[in-house]
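Q: If you scroll down you'll find the structure; I have some questions about it.
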Amino acid sequence: DSVIESAYRQNIVVLLAPLYLGYDCKDEGWCAEVKIASVSDLYSWGKYVGERYRKFNNIIWLIGGDTDPSPVKDKVLSMVKGIREKDTIHLFSAHNQPETMAVTTWPDDPWLSVNNVYSYDSAIYINYRKAYACKQVLPYFQIESAYENEHNSTPQELRSYAYWAILSGAMGHVFGNCPVWHFGAVPAWCNTNDWKNEMNNYGSVSMDFLQRLFRSRSWHSLIPDFDNCIITSGYGKWGTKDHVSVALTSDANTLIAYLPSKRSIMVDMGKIHGSKVKCWWYNTSDGKATEIGIYSTSGKATFTPGSAGDWVLVIDNVDAN
């Protein structure tokens, strides 16, 4: 309870797992205990935690726990029923097995209110597009992908998973670091247990740069351009990890594009409102913005970053200030 309260004071939303089953329903979680317990036991547990945690304003219930819950699905649903009997306030999402969405295991379940993507695909934006286009229309976020200091991840790759998410219609992205996720309890996992210093590693810092950028613009109104109508060349090949993601706000006042590597891109300037636009390069590795200049919104324009690395292009309608 104190951890959730502390998170609230820092404006942090907690994904609260009331019945963490554990990877592959083995010994990481409580799957064995759930198999032994009765449906009634789980219903009582749901009512208990539902009543206890409905008072907290910063939780989203996270059902499951890194696994396919099918072996104990009836009992998990009984717990959900118990929670909802006591807590009619909070949202629900689900954490299933890798390479799935929350809706994969729980299609059309009325209690599921937030979808998510769990994937280690290097071109994870393919899964983001599936979540955005899902017939079961729900907001979604990226719940898990490669972590810092794991899976041979690079700083650029970690940034791309996050920028691709927001520019593909996601409402958020979960960043992971080893040993932060286990607080140094398993040093063999990534050969270090100094989780406090890891809070200042490049991954965490670059996520700060990401939120500064998107909070400076109307990120929640961004509409992904999956069909390459805005960037007409230079967007790269779909299905590779070098693909450009771009989105335009619903009022067409701001365009944001993420370039995983240096290249020239051509933008159809007529897609952006106003007679003039101000253009910027945003450096994802240090959080610095550089003004490119004022452009007309007639015709097309080509943009090329000044140096290697991954970059964000931001174009704003000058009249929107």
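To keep it simple, each residue is scored yes or no on (1) farther than 18 Å from residue 317 by Cα; (2) open to solvent by 50 Å² or more (accessible area, probe 1.4 Å).
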site	(1), (2)
183	yes, yes
186	yes, yes
194	yes, yes
226	yes, no
232	yes, no
280	no, yes
283	yes, no
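Q: Scan segment 270-321 for residues that are outside any strand (DSSP E or B), closer than 24 Å to residue 201 by Cβ and in contact (Cβ under 8 Å) with a residue 60 or more places away in the chain and report the count.
A: Residues flagged as outside any strand (DSSP E or B), closer than 24 Å to residue 201 by Cβ and in contact (Cβ under 8 Å) with a residue 60 or more places away in the chain within segment 270-321 amount to 6.
Q: Next up: For segment 235-257, check the following and say yes or no: at least one residue is over 23 Å from residue 132 (Cα atoms), in contact (Cβ under 8 Å) with a residue 12 or more places away in the chain and not in a strand (DSSP E or B).
A: no
Q: Applying the selection to segment 115-154, what residues are in a helix (DSSP H, G or I) and out of contact with any strand residue (DSSP E or B) (no Cβ under 8 Å at 6 or more places or on another chain)?
A: Of everything in segment 115-154, just one residue is in a helix (DSSP H, G or I) and out of contact with any strand residue (DSSP E or B) (no Cβ under 8 Å at 6 or more places or on another chain), namely 126.
Q: In addition: So which residues in segment 73-109 are of a type in the set (Val, Ile, Thr) and either within 22 Å of the chain's Cα centre (by Cα) or open to solvent by less than 60 Å² (accessible area, probe 1.4 Å) (or both)?
A: 76, 80, 83, 100, 103, 104, 105
Q: Restricting to segment 113-151, give me the number of residues that are in contact with a Cys (Cβ under 9 Å, 6 or more places away or on another chain) and either of a type in the set (S, T, N, Q) or on the phi > 0 side of the Ramachandran plot (or both).
A: Here the count works out to 2.
The values are calculated or read from the model by the stated rules, or taken from the named source; none is laboratory data. What you see is a predicted model, and the numbers here were worked out from it, not measured in a lab. Here Cβ is always computed from backbone atoms with ideal geometry, including for glycine, and neighbour counts include all displayed protein chains. Surface accessibility is based on the protein's heavy atoms, side chains included, excluding ligands, DNA and RNA. Shrake-Rupley method; radii C 1.70, N 1.55, O 1.52, S 1.80 Å.
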